[in-house]
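Accompanying notes for the structure given below.
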Amino acid sequence: LKFRLAGYPRKHNEGRVEVFYNEEWGTICDDDFTLANAHVLCRHLGFVAATGWAHSAKYGKGVGRIWLDNVNCAGSEKNIGNCKHRGWGNSDCSHEEDAGVICKDERIPGFKDSNIIEVRKQLARVGSWGGRLAGTALSPQRQREGHGQQVQLWAGRPSTPLLLAGYVGRVSGLLSPCRLFTERQQLNYRLHSVSCTGTEVHLSMCAFEFYRGNASAACGAGMPAVVSCVPGPLFTTGSTHRKKQRQQQQGQPRIRLKGGAKIGEGRVEVLRSSEWGTICDDRWNLLSASVVCRELGFGSAKEALTGARMGQGMGPIHMNEVQCLGTEKSLWSCPFKNITQEDCKHTEDAAVRCNIPYMGYENLIRLSGGRSRFEGRVEVAVGAGNGDQPHWGLVCGEGWGTLEAMVACRQLGLGFANHGLQETWYWDASNVTEMVLSGVKCAGHEMSLSHCQHHGTSLNCRNTGTRFAAGVICSETASDLLLHAPLVQETAYIEDRPLHMLYCAAEENCLSSSARLANWPYGHRRLLRFSSQIHNNGRADFRPKAGRHSWVWHECH
């Protein structure tokens, strides 16, 4: 049985339940539906559990057959087909009773999804490498020999950079064989004869062979394969390199990521005929996503996201059914279909999560005193280089704002910034009291606060008390408001409006100051009028910063 979540509006972990049975997609009726049913369905979809379920076609009415009715699960079943029900296709429901589920946004470890690569942190040693040696193609006979025995040299191609984790590596034979030899007793080989073309999104997608039987005795004549990686241009420590990279990108980038909280993730947008647009998620997969990631200077793709998981875009949808081979230097080199209005909507915008190098920035910052891990007073580590113990201190709140909070939340891996706070007396729970950083001024795109402008070692803070230390409130999702500017231009007009129709506007101070001198209620004011439309491109509802208790009722509204 295959299952999927469908409908609108919804997030990726919720939706109308659809089941593929007898070569046809259909729905499930909400009669007698329970949370136990939702648990079984969510686990089948790769989520750890359900947090709720929805009745009465909350996510819209489905089409086709209603396959199941009066489903009654205990909660431990592996498949909803194993639960009690009226029988396949036997239902007295209409599609107005289609059931939906809300799953906990946490994947089952190791769950296989064609668009997600799960990378385990502990990798077994790779025994040997087949294919090419030192940039020279092996003859078919030598290749067969290589696959039959342990090839003792790394078979990299110096002309092809390795781009799996966002590092660009040139490979030149074995590294430090003496040091590795001393570790020989601990080595546990699993693979040999690994042969990559260089375009794979993950090492597991290359050709390789497993060692069978006693793995500890494997690779007797060989050595462990070793890689030497250097960070790509976006991740070099020298700010001049980053600045140069940005200037190159500013030339005329034709692809960008929007709506993602972290570096290397977001909705894919492409430039065509001087207009930015999105990509439809039909047939969107890891190969195409990896071409995007590499084109932007990251590693291969970790996830190819569908269903507007990184928010809905605006404007045209430029591409559909993108089918890259993985060898392309640019997404525009891949085969794709032009879009028609009926094909796709922005609810189907494609997005990516790219592999990026592990830089360890999150170890140099922490939050203290907050009610949850998403908020608190900012503490930074200074003097952590050369193996020294880091010295933790506070950041001066003077001039601290949303841009600085954005960088802090990104460095912490906590998503977007809701607030940047200049006073944090209510989070006074830490024994860290010394200010170590002042004058922090960020552009908003930096990966670490240390990349922003600041006063360095010469601290300059007017109020050095702990109550004036900087703080943040972070959020995994955020709203993103965008004014539909063309509509303003298309609808603007001049109107002479009588003063007796403008009392409310005057009370709310919406008229120019000279209106006070007018002969009310006689005469008129000349107004520029237009329609406006504001889109929320983000993944969270927009709410005013002021709480409801401070809202004021106004009779004009």
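Some points to look at:
- Full-stretch length increase - L511, N82 - with 0.36 nm per residue and alpha-carbon distance subtracted: 147.6 nm
- Model label points for S274 and A518, set 7 angstrom from Cα along the Cα-to-Cβ axis, are 3.9 nm apart.
- Nearest-0.05 FRET efficiency for R212 and S479, computed from C-beta distance (R0 60 Å): 0.65
- Taking the centroid of alpha carbons for each part, the range 20-63 and the range 349-372 are 33 Å apart.
- Whether the range 1-83 is rounded, prolate or oblate, judged on the alpha carbon gyration tensor where a/c under 1.5 counts as rounded: rounded
- Selection of trypsin sites (Lys or Arg not before Pro), the range 353-451, meeting DSSP coil and at most 13 other Cβ within 10 Å: R371, R373
- ³J(HN,Hα), Karplus 6.51/-1.76/1.60, whole Hz, each residue of the range 543-551, x for Gly, Pro: 10, x, 5, 6, x, 4, 4, 9, 6
- Protection proxy ranking, highest mean first, for peptides 487-493, 82-88: 82-88, 487-493, where packing is the per-residue count of other beta-carbon atoms within 10 Å, averaged.
- Under-5 Å amide H pairs with A225, H placed in peptide plane, nonlocal only: V126
- Ordered by 1.4 Å accessible area with all protein chains kept, I80, I494, I339 run largest first as I494, I339, I80.
- Extension reserve of the A546-A74 stretch, reckoned as 0.36 nm per residue once the Cα distance is removed: 165.4 nm
- Reachable aspartates and glutamates, given that their alpha-carbon falls under 12 Å from the alpha-carbon of K58 and they are not under 8 places away in the same chain: E14, D30, E96, E97, D98
- Mean separation of Cα contacts under 8 Å (6+ apart) over length of the range 1-105, as relative contact order %: 36
- Rounded Å value of the spacing that divides the Cα centres of the range 436-484 and the range 67-81: 51
- Contour minus Cα-Cα distance for V382 and E106 (0.36 nm per residue): 95.9 nm
- The packing ranking of peptides 63-76, 33-46, highest mean first, is 33-46, 63-76, where packing means the average number of other beta carbon atoms within 10 angstrom of each residue.
- Charged neighbours of V40, selected by a Cβ distance under 10 Å, balance to +1 (K, R count +1; D, E count -1).
- Evaluated with a Cβ-only charge set (Lys, Arg +1; Asp, Glu -1), the range 254-354 carries a dipole of roughly 380 debye about its Cα centre, given to the nearest 20.
- Computed label-point distance, nm, for sites T197 and M359 using a 7 Å Cα→Cβ extension: 3.2
- Distance between modelled label sites at N22 and R254, nm, 7 Å Cα→Cβ extension: 5.0
- Taking the 1.4 Å solvent-accessible surface of the range 361-475 as the whole, the part contributed by carbon and sulfur is 47%.
The values are calculated or read from the model by the stated rules, or taken from the named source; none is laboratory data. Predicted model, so just to flag it, every value in this text is computed and none were measured. Please note: Cβ atoms are built from the backbone with ideal geometry, for glycine as well, and neighbour counts cover all protein chains shown. Ligands, DNA and RNA are excluded from the accessible area calculation, which covers all protein heavy atoms including side chains. Shrake-Rupley method; radii C 1.70, N 1.55, O 1.52, S 1.80 Å.
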